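What follows draws every value from the coordinates through simple rules; no lab data is involved. Source: prediction; values computed, not measured. A quick note on method: Cβ atoms are made from the backbone with ideal geometry, for glycine too, and the neighbour counts reach across all protein chains shown.
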Amino acid sequence: MDREAIVRALEAALTDVLERPVTGLRGEVRLFDDLHLDSTTMLEMLMALENSIGLTVDPEELDADDFESVDTFTDFVQAALRDQVPA
């Protein structure tokens, strides 16, 4: 999945979780500081992405650095999708 598709999926997930439109995300946007996410909304966002793009993540393996910005999160999603074994 390419970066643009991941960002579009992220925008849709955030729009749903935050209950407000989230569009035009750029790589440097900080998820916690700029979008005011917290641990609960982050988990809700991950669940939304699980449903929309098939992302599966073990919560025990999450690293806060992966959620610093849209760019770091996109890198994380690309790696996670690449490492997933097809069912």
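Binning all Cα-Cα separations of the chain at 10 Å, short to long from zero, yields these whole-percent fractions: 17, 60, 22, 2.
Placing +1 on the Cβ of every Lys and Arg and -1 on the Cβ of every Asp and Glu, with nothing else charged, gives the chain a dipole about its Cα centre of roughly 400 debye.
Spin-label model, residue 68/residue 47: points 7 Å from Cα along the beta carbon direction are separated by 2.9 nm.
With contacts taken as Cα pairs under 8 Å at a separation of at least 6 residues, the chain carries a relative contact order of 37 percent.
Each helix, a run of at least 4 DSSP H residues, gives -39500 (n - 2.57); summed and divided by the residues of the chain, these come to -17000 deg cm²/dmol at 222 nm.
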